[in-house]
Structures are given as C-alpha cells and as structure tokens.
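The values are calculated or read from the model by the stated rules, or taken from the named source; none is laboratory data. It should be emphasised that the depicted structure is a prediction, and the values quoted were computed from it without experimental measurement. Note that we place each Cβ from the backbone using ideal geometry, even for glycine, and neighbour counts take in every protein chain shown. Please note that ligands, DNA and RNA were not included when accessible areas were found on the heavy atoms of the full protein model with its side chains. Shrake-Rupley method; radii C 1.70, N 1.55, O 1.52, S 1.80 Å.
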Amino acid sequence: MRKPFLLLLALATFCVANAKIVLPQLFQSGMVLQRGKPIPVWGKADPKEQVVIRWQKKQYTTTADEQGRWRIDLPKAKAGGPYTLTIGEQELTDVLVGDVWLCSGQSNIDVTIERVYPQYVDEIEHFNNSSIRLFRVRNTTNTHGVQDDILPTSWKPLTKDNAWQFSALGTFLGKRMQEKTKVPQGIIVNSWGGTPIEAWLPADSLKKDYPQLLQKTRLYDNKEYVAAQMRANNMADRQWNEMLDQQDPGIANHFTALDYEDSSWTTIDQNNWGWRGTGSTWLRQHIQIDKAHAGQPARLLLGTLFDADITYVNGQQVGRTYYQYPPRRYDIPEGLLREGDNVITIRFINKYGMAHFIPEKPYMLCFGADRFSQNPMPKDVIALSNKWLHHAGAELPSCPSSDVSLQNLPTTLYNAVLYPLAPYALSGIVWYQGESNTGNPTPYGDYLQKLMGSWRALWNDSSLPFCIVQLANYDGRQQTGMPRTITYEANPVNSNWARLREAQRQATIGDEFAETACLIDLGETVDIHPLRKKEAAERVALCLDRVAYGEWPALSPQPVGGSVKDSKVTIIFDQPMREGAAYEVEVAGEDKRFVNVEATVKGAEVIFQSPIAQPVWVRYAWKDNPRASIYNKKGLPAMPFEYKLVR
C-alpha cells in the first residue's frame with residue numbers, strides 16, 4: 001500500500017514544482033511599461049500558489065486566490081531600459097519603460113502604413129526605431145460576457161516591415177511622441193473597421209438606458225446558431241461566385257486578352273458611367289506605350305472603384321480588390337508592357353449598389369524610381385483616358401446572406417478585446433470612431449460619455465486622459481454606393497456628420513482630462529479614409545500634450561461666449577485667430593431655420609450682421625464636407641460647432 005502513496009506524493013510534488021504561471025498576452029518580451037505610475041502585473045496560477053516577481057533588483061511576492069488569480073502592483077519607474085522582468089520562471093527580456101497609448105475605434109485607426117505609404121515614401125522607408133513598440137490586438141468577439149485575455153499576438157519594434165500592416169495614425173503618433181519626449185513609446189492598437197460605438201460599451205452602461213440594445217446581442221448568444229449562419233453565408237458566397245464565373249461571357253471569350261477583338265464594345269465616360277446590377281461587367285482601355293517605356297516596371301493607379309474589381313494588363317492579372325475603399329495601386333512587372341498597343345481590362349464584380357469610378361482620384365500609369373509616391377506625384381506618368389470600352393458580363397440575383405457581424409453588436413468588443421487589456425498602465429487613450437453612427441447621431445454624445453466613464457472605471461483611473469478624434473470632412477453621400485458628381489452644398493443642411501462631430505466636441509468640454517482633435521480640413525470628399533494620417537497624428541499629439549503632459553499648446557479654436565446687440569452677433573472664441581472673412585457661418589431663430597451669413601474674424605471674435613430678427617442659434621461648418629475658413633494663428637482649424645446665444 002505504501003508504493004501507490006509514494007507515487008501520488010511524487011506526482012503531486014512534480015505538479016507543484018511545474019505549475020505554470022499564465023500571463024496575459026500584453027506581458028511579453030519587448031513590451032513597454034508605463035513610466036511614472038504603479039505598474040499592475042497580473043495573471044493566473046494554481047489556487048494558493050505563490051508568485052514571485054523580480055524587477056529592477058527587487059523581489060515582489062503574492063499568492064494566487066481561490067480562482068488562481070493574482071496581481072502585484074510594481075512601484076512607479078522612470079523611463080529607461082531595456083530591462084528584464086522575471087515572473088515565476090518566465091523571463092521577459094528587452095522590456096522598456098516609457099509611455100503607453102491605447103488607440104481604439106474603427107477603420108480610420110485601422111488604416112495601415114501600407115495604405116498611406118505613397119504620402120510619406122521617404123519617411124516610411126527609413127522607419128527603424130527600437131524605442132517605439134507596436135502591439136496589435138487581434139479581432140474577436142464575445143456575446144455573453146467579458147473574457148480574461150485576447151488572442152495571441154506580440155510586441156514589435158518599429159520598422160517598415162513591422163509597421164506595414166499596422167495603424168498609420170498609431171505609428172505616426174508613437175514616432176512623434178518619441179521624438180518629443182525622448183522616452184520609449186508603446187502603441188496598442190485595438191480597432192475594428194465599420195464597428196459602432198455600442199460594440200465598445202459594457203453591458204452595465206447600457207442596461208438602464210438602452211436595454212433593447214442588450215436584447216439584440218442576446219439573439220446571437222448561441223455559438224451553434226452563429227456558426228451555422230456563417231457556414232451558410234460562406235456556402236452561398238462560394239455558389240454565387242461559381243455561378244458568376246460559369247455565366248460570365250468574359251471568362252470563356254477571353255475578354256482580358258490583348259488581341260481580343262473589342263471593336264463592337266460600346267464607349268463610356270468614366271465620369272458619368274455607372275452599372276446598376278449584381279454580377280459582373282467589363283471595361284477595356286487601349287494605351288500606347290513608346291519605346292522608352294516599353295518593358296519597364298510601372299504602377300497602375302485606378303483611383304478607387306465601387307465595389308470589387310479584378311484588373312488585367314495585356315491578359316495578365318495585376319491586381320484584385322474585394323471592396324470599395326482601398327486605393328487601386330497595381331504593380332506591373334518588368335517586361336509586361338510592350339511598345340505600341342497595350343490594353344487594361346477591368347472586371348467589376350458588384351453585389352449591391354452601382355458599379356462606378358470614384359472621382360477626384362488619380363488614374364494613370366507611373367514609371368520611374370518615384371512611381372510609388374503620390375506626394376508629390378511621380379514625374380514620369382501617362383494619364384489614362386476617361387473613355388473606356390464596355391461589355392456586359394453576367395447578371396445574377398443578389399447573393400443571399402444573414403448578417404452575423406457580431407462585431408457590430410452592443411458589448412461584443414468591450415467583452416472580448418477591451419476588458420482583457422485592463423489594468424495595463426496607460427498614458428492615455430485615443431478614440432477615433434463615429435462614421436458607423438452617423439445614421440443616427442442623436443444618442444452618440446451619451447454613448448461617448450458612457451464609453452469614457454466606463455473605460456476609466458475599468459482602469460480605476462478617473463483622470464485617465466482621452467483624445468477624441470473628430471470626424472474629418474467627407475461627402476457622406478458617397479456611402480450610398482451610387483456615383484455622384486461632387487458638388488458643394490451651398491445651402492444650410494442638417495448634416496448627421498455635423499451633429500456627430502458636435503457630440504464629439506461637447507463630450508470633452510468641462511473634462512480637464514479629455515480633448516477633441518479637429519480634422520475638419522484633413523479629410524477627402526470622396527474617401528471616408530483620408531490618407532493624411534501623419535498630420536492627424538500631430539493634432540492628436542497636441543491634445544495629448546495637454547491632457548497627459550499638462551502642457552498648454554494652442555488647440556483648435558472653440559466658442560466660449562456670444563452676444564447680440566441690435567442685429568450684430570458676436571461669437572467669442574477661446575483664443576485669437578487669423579483675421580479675415582469667414583464663410584460656412586449660419587444663423588437661425590428659435591425655429592432653427594438656418595440661413596448663411598457673411599462673417600468676419602477679428603481677434604478672438606467672429607462677427608456678423610444677422611438677417612434674422614431674433615437670432616438664437618449660430619453654427620459653423622455644419623455640413624458633411626464643409627470648407628474650413630476659421631483658423632488660429634498656428635494654422636489649426638476651428639471646430640465645427642452649434643452655439644445657442646444667451647440674451
């Protein structure tokens with residue numbers, strides 16, 4: 001009887017000796033820890049197991065609780081490194097201490113360095129700074145409650161390769177902050193394109209005021225149902241694409257070939273062409289290449305197309321894009337272009353809306369060593385014609401699907417990818433989101449207050465700094481999937497985009513640890529993902545200089561007061577501004593029927609004569625895509641605003 005007992009004792013001793021401490025994904029070699037604040041370190045172990053941490057020549061000890069959870073708050077540390085952090089038997093090396101920023105939101109945080117590369121070619125080519133570390137949270141959802149950790153990922157130093165698919169705004173923010181402070185920077189990016197703010201809110205914050213939203217999430221709290229729907233959608237999509245290829249005459253008849261006879265095709269102008277249907281349609285354009293350019297590698301710029309495309313040059317596929325937003329930049333290999341006649345063929349594939357070209361984008365062939373740049377544009381280019389030859393493809397019924405986009409449901413992202421990050425010590429949070437809420441901006445201000453409040457509560461830090469990135473200018477009508485001639489909205493409109501921007505502005509007023517970064521002149525009329533992310537990061541950084549570092553840089557002007565005397569209306573701003581004429585200023589009575597006015601900027605005031613007998617409301621830049629006209633002396637635009645006059 002003694003041998004089994006000794007064997008069990010030996011096994012128990014072995015298990016205790018080899019009990020593994022499990023750390024959250026954030027705790028890895030190469031990490032950045034926050035300077036100047038207590039440093040929470042936590043994880044899991046066997047219940048009642050002792051956990052020993054060695055950090056900067058000192059030892060810290062705790063014991064896991066009944067559920068195996070443990071936490072030690074290391075003392076504040078100064079910036080520096082690299083250090084080694086030992087937790088149990090796990091040794092984390094190359095650990096830096098500096099500032100850590102969490103960048104969260106939707107697709108404009110997602111926009112990668114690869115996407116903006118043509119704007120900043122030389123700078124990105126020289127990315128190489130091991131004091132800046134990048135950490136991308138992988139996307140996942142949870143419909144039934146918070147989870148302990150995120151999916152496996154890692155910290156990476158800033159290089160061109162590591163940043164290529166990383167957030168452009170986050171990368172430029174880290175670079176700017178490191179240049180300013182000379183201390184290490186950690187950039188945590190936690191975003192998901194197309195998601196509404198509700199997905200990032202905890203259930204507790206919605207339970208009282210928005211219980212119907214939680215009911216919506218509960219409908220999908222069944223993994224078997226969701227999996228079945230996703231399988232069905234994938235099967236339908238495969239079947240639809242197979243039918244499209246089988247029925248498309250362009251496949252069997254080789255529409256892509258250089259020698260294909262296309263003289264019977266109709267001619268269209270890309271500026272006023274659109275194809276309404278689901279399925280495919282074809283366009284071809286012949287282009288003449290001289291001897292000097294024949295055989296050279298080139299880059300084909302096809303602007304932005306709606307919705308998906310497969311593009312060929314002389315019968316060879318050079319690029320494919322599956323949805324409307326990415327710029328079409330297709331590389332043509334050496335030897336493909338020949339002297340004389342060449343042909344570009346586009347196969348549009350459309351599942352909704354109307355296939356069309358997006359205006360105000362470049363359409364050209366670029367040659368030479370600078371062909372990857374678009375700022376400035378390459379010197380050696382051949383512009384494409386607006387004229388294309390057109391032939392019908394195959395029309396199919398709409399592809400059936402049942403929406404199981406769990407990332408768009410309330411609480412699912414808070415549960416899965418936000419909650420597990422706390423209480424990792426941070427310098428501050430950048431929130432860039434709102435495009436997906438412009439359809440109904442009314443509750444957005446309340447949602448945003450709940451987000452800041454609940455995230456601060458999660459980190460147990462009521463002064464946790466926030467920078468809210470205001471939506472850039474953009475013609476929101478482009479989201480309809482319909483081609484449009486870009487025209488300026490001259491008359492006052494009650495823009496949903498403007499209403500949401502106002503909610504973003506109001507959310508930080510009176511909060512000494514929050515600021516709004518104004519991008520109203522950094523957007524693009526026809527692109528919901530503007531590419532000037534370095535300039536956007538600089539404006540975010542200015543806000544963080546104030547709320548995180550306690551500095552007082554000049555930020556975008558805002559109204560702080562107003563008066564009416566006779567018919568003269570004066571709006572007082574928080575700082576002096578560039579003087580001159582101001583447009584995009586509107587006034588209304590109590591009925592909020594706005595009319596345009598001619599205004600003048602003088603000092604810290606905007607002044608105009610009101611055509612309304614009893615002026616009550618004043619607003620500025622109140623459009624989806626306004627023309628900014630009011631700037632401070634540092635060149636920062638005034639925020640769009642709506643202001644109620646007090647008599």
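Quick look at the numbers
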| read-out | value |
| --- | --- |
| Reach of K223 by Cα under 29 Å, taken over lysines that are not fewer than 8 positions away in the same chain | K44, K207, K208, K351, K450 |
| Accessible-area composition of segment 29-90, carbon plus sulfur, in percent [1.4 Å probe] | 46 |
| Descending principal axes extents, segment 326-414, alpha-carbon based, whole Å | 53, 38, 26 |
| Partner lysines for K160 [C-alpha distance under 23 Å; skip if fewer than 8 residues away on the same chain] | K175, K180, K182, K533, K534 |
| Percentage of interatomic Cα-Cα distances in segment 415-535 larger than 20 Å | 50 |
| All aspartates and glutamates inside 20 Å of K48 as judged from Cα atoms, apart from same-chain residues fewer than 8 positions distant | D65, E66, D73, E89, D148 |
| Accessible area of segment 350-410 belonging to carbon and sulfur atoms, whole % at 1.4 Å probe | 56 |
| Neighbourhood charge, 11 Å Cβ-Cβ cut-off, centred on H390 and excluding it, Lys, Arg +1 and Asp, Glu -1 | 0 |
| Amide H partners (placed H, <5 Å) of R532, local residues excluded | none |
| Carbon/sulfur fraction of accessible area - segment 232-277, other protein chains in place, 1.4 Å, % | 46 |
| P(r) weight above 50 Å for the chain, C-alpha pairs, percent | 21 |
| Spread of Cα-to-Cα distances over 5 Å intervals beginning at zero, given as percent, for segment 163-220 | 4, 15, 18, 13, 11, 9, 12, 10, 6, 2 |
| Average accessible area per residue (Å²) across the chain - probe 1.4 Å, nucleic acids and ligands excluded | 44 |
| For segment 145-155, 3J(HN,Hα) per residue [Karplus equation, 6.51 cos²θ - 1.76 cosθ + 1.60, θ = phi - 60°, Hz, x = Gly/Pro] | x, 6, 10, 7, 8, 9, 5, x, 7, 7, 7 |
| Per-selection Kirkwood Rh - segment 180-333 (Cα, Å, 1 d.p.) | 21.1 |
| From phi via Karplus (6.51, -1.76, 1.60), per-residue ³J(HN,Hα) for segment 69-83 in Hz, x at Gly/Pro | 8, 8, 7, 10, 9, 6, x, 4, 10, 7, 4, x, x, x, 10 |
| Span from the segment 151-181 Cα centroid across to the segment 244-302 one, whole angstrom | 39 |
| Net length gained if the chain between Q165 and E339 were fully extended (0.36 nm per residue, minus Cα distance) | 59.0 nm |
| Long-range amide H partners of D73 with built H, under 5 Å | V41 |
| Diffusion coefficient, µm² s⁻¹, Stokes-Einstein with Kirkwood Rh over alpha-carbon pairs of segment 30-170 at 25 °C and 0.890 mPa s | 141 |
| Placed amide H near G68: partners under 5 Å, 5+ positions off or other chain | K48 |
| Charge context of Q165, other residues only, Cβ under 13 angstrom, K/R +1, D/E -1 | +2 |
| 22 Å tail of the calculated P(r), segment 509-609, as % of Cα pairs | 47 |
| Loop GluC sites (Glu not before Pro), segment 216-262, which have at most 10 other Cβ atoms in a 10 Å radius of their Cβ (DSSP) | E261 |
